[in-house]
Each structure stands twice: as structure tokens, then as C-alpha cells.
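Before any comments, here is the structure.
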Amino acid sequence: MNKHEFHLQTATRLTHAGRKGKDHHGPVNPPLVRASTMLFPDCAALQEANGTRRVYARHATETTMALEQALCAAEGAAACMLTPSGLSAITTTLLALLKPGDHLLMVDTTYDPTRQFCEGLLKQNGISTTYYDPLIGAGISALMQPNTKVVFVESPGSLTFEVQDIPAIATVAHAGGAVVVSDSTWATPIGWASFELGIDVSIHAATKYIVGHSDALMGAILTNEALQHRVRDTYKQLGMSIGGDDAALALRGLRTMAARLAVHRESAKVVARWLQSQPEVAEVLYPPMEGTAGHELWKRDFRPEYACGLMGAVFHRDVTKQQVAELIDRTRLFGIGFSWGGYESLILPTCPSNYRTINAEKWTAPMLRLHVGLEAVEDLLADLEVGFSALRALPTMAQVA
Ligand SMILES: *Cc1c(COP(=O)(O)O)cnc(C)c1O
């Protein structure tokens, strides 16, 4: 199967892409290749391979190529480049598309290490960044400069889950000669038609739902036809590469991703509704749920069958940080930790105002981030009940004062 077979249903593509067809006699999965050196039988063969990706294992092996093909088929991309982490996929892409003197429009709700890269290496190299409101839509035209080369989107936003109007932003970006780069980790390669929405490069922390089992770090850069050579050139110069074992883990995760997302989505909706009904909770940040901020745009641009299990909850200002910590500590099934997208549930206190240039004051109430995993949802609700009871046993802000 290759990218021309994009007409097959998503779940079919995830199970068949990147492996041999019906006429193949042998194992279902492509071989796990552990390699550095590639040997050639004679000088003529070496000569012939020179300049291709088959010459050295940093460029490709059968295992990494199978994963690249499967990811291209999943998202409808022209090319895929695999990196050792989600963050390195972002930094590699930005280095490929920006040069000294260029300007970057970065969504203010981006993953914080992305912001640190803008303020660090990009700034040092004479590339300026302006942070924009995730809800700006077509209004981004006011921020475009003649040297704006990349508009970076991340939707829903990190920690606060704002849904961006990507088609409106992409129309303005393209008219101004910029390309649109997306951190698409929340959507996964199958949660939306990224390239049809106007995204030129779609980046994933494959660490999350693609690997899906919390046992490897990886990034994936998926590009359209026009940008693939520019991005690959920088990718090669930086020496980016992944190992065969990790590629095999990611491929194994990808095969079941559609099925897993269906469970994450159903359970997440139940948990989101339950949270919404707790008196201490002011707002649940989960765009797939009807009535939440961003739901209308989400419904327009995302595929409802593949929503993921990551959400936020904002408490009333009367709730103390101490109470939230108690809730988190008392749950038994929700692990405390960064990252997400594995099979297990996670919970984390968040403080988005520390990572914002715009509207920082909007996000100062205590907040949670939850990843709803594949446990039975009844057990998760019972666990959260315990947590909320513990929260209620502690004094509120008014009672402390
Ligand atoms: C986790 C994450 C990353 C970084 O991925 P790593 O593999 O941890 O480097 C980037 N963007 C988003 C939105 C993430 O959640």
C-alpha cells in the first residue's frame, strides 16, 4: 500500500499501510532491523546506492521506512521524517523553514518547549517571533510582516484547549507568502484532514497516541509535496534518525490507534460530563463535548470518531491549590506525570498563566489536565469521586481566610 491508496477508510489504512500485500508469504510485520552499516556486494552496487536512502541506516531501514509509509498513508502526506522526540520534530521543521531575518507567528498557546526554542536558538539566529491569540482567525492578517515565513498553529491549544480557525489562518498565511506548520499531536494523524485544512507541515509527538503505550519517545514530521525537500535537507544536515526498536514500537502502536482512540473518546466524554457536574468545577476544556468553548469549530474541522482523551478542568476561584493537590494525590488510577496518549490515565495540576504572553490573567484559577486512558470508565469515575471527596474535606479559600 502507498499514499495513492488514501481512498481506503482510515482504520483500514492503519492496519495495512507500510507492510507487504496479500501475495506476501512470511511474517505479518516488516522485519525489525537493527543497523548502522549497510554492506554492498561490490563497488558497482555501492556506486548505485550512493545518494539514495539505502546507503546508510541513519537515512532509512526497512523498519523505519515501513513506519514512514504507514504515517503518510494515515494522514495523506507526501513525505514523513522521523525524529527522536516530538520536540526535535518541531525544532527541525522550524530550522528548515526559517533563516536569519525571518519572522515567525507562533500561537500563544503552544507547547512550552516550543516557545523556549523560539526565545532561545531562533532568537540567537536572528529569527523573530510574535505570539498571537489562538482565537485570532483571519485577524492574523494584521500581524503578518513582509518577512513572515511561518505561521505555527497548535489546536486545541496546550493546557487551555482553544480551537483555532485553521482554514482562515491558512488563507491569510498563504496569501502573505508564509507556510502553515501545525503541532497536530492532539488530533493525531487521523483526527482531521490536516492538509485539506491548509496545513503544509503537520508535526506529531508520536510519543503520545502513535506509540500509544508510554514506552518510547518519537516525533514525526509529515509534509506536503511542495515542502518535503526543504525539510528533508535540514533533517539530514542535523543528522536526525531513529532506531529500529523504537520504529517497531511505533508501528505496533499505530496499528491499533483508531480502535484505541474510539475508547479514549467515549470514556473522555463520560468523564468530561461528570466533571462538568461537580460544583467546584467552573469549566471543562474538552472541545468534543457539546456546549464547551470551541465545540462548533471543532465539529467543523475535526473527525468526531477520533477525538482523543486529553482535557482540562478549571476550578472556581474559591478552590485552593492545596485542595486540588489533595484531589490529585488521592486518586489511585490517575498517574501523576507529564506526557499523555498512552493506555493509562494521567492527572496533573496546570498553571497556564506561566506560559502565556497574551491573556495570561485569564488562566490564574486552579486547573487540572486529565488524560483519560483505557481503564473501565466506571472505575475512573469512582476514583475521581474519591479525589473530589478529599478536596471537599479541606477548607476553601473563603474558609482559610
Ligand atoms: C509531548 C508534546 C510534544 C513533545 O513531544 P516529546 O516527544 O515529549 O518531545 C510536543 N507537542 C505537544 C503538543 C506535546 O504534547
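The values are calculated or read from the model by the stated rules, or taken from the named source; none is laboratory data. On a predicted model such as this, the values are computed, not experimentally measured, just so you know. Neighbour counts are summed over all protein chains in view; Cβ atoms, including those assigned to glycine, are modelled from backbone coordinates with ideal geometry. Heads up: the accessible areas ignore ligands, DNA and RNA and are worked out on the full protein's heavy atoms, side chains in. Shrake-Rupley method; radii C 1.70, N 1.55, O 1.52, S 1.80 Å.
Say the cut-off is 23 Å between C-alpha atoms; which of Lys208/Lys269; Lys149/Lys362; Lys20/Lys208; Lys321/Lys362 go over it?
Lys149/Lys362; Lys20/Lys208
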Percent accessible area from carbon and sulfur atoms, the stretch 257-400, protein chains only, probe 1.4 Å: 56 percent
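Given just the C-alpha atoms of the chain, how large is their convex hull per residue in cubic angstrom?
149 Å³
Taking all protein chains in place and a 1.4 Å probe, what share, in percent, of the accessible surface of the stretch 177-232 do carbon and sulfur account for?
For the stretch 177-232, the apolar C and S fraction of the accessible surface comes to 54 percent.
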Ranked packing of 57-70, 91-104, 356-369, 35-48, most packed first, by mean Cβ within 10 Å: 57-70, 91-104, 356-369, 35-48
1.4 Å probe accessible area per residue over the stretch 1-85, in Å²: 60 Å²
Segment Asn147-Ala393, length gained on full extension (0.36 nm per residue, minus Cα span): 83.0 nm
The chain, relative contact order [Cα under 8 Å, separation at least 6], %: 16 percent
For the chain, calculated [θ]222 nm from helices alone, where every DSSP H run of n ≥ 4 adds -39500 (n - 2.57): -10000 deg cm²/dmol
Counting DSSP beta bridges with both ends in the chain, the antiparallel % (nearest 5): 60 percent
Most to least packed among 287-300, 184-197 [average Cβ atoms within 10 Å]: 184-197, 287-300
Sequence-distant residues sharing a close amide H with Thr83 (under 5 Å, placed H): Gly219, Ala220, Ile221
Net lengthening on full extension, Gln278/Arg58 (0.36 nm per residue, minus Cα-Cα): 74.0 nm
For the stretch 190-230 and the stretch 11-75, distance of Cα centres in Å: 19 Å
Long-range HN-HN contacts of Thr185 with modeled amide H, under 5 Å: Ala205
Å² per residue, accessible surface of the stretch 196-306 at 1.4 Å: 40 Å²
Accessible area in square angstrom per residue, the stretch 131-171, 1.4 angstrom probe: 30 Å²
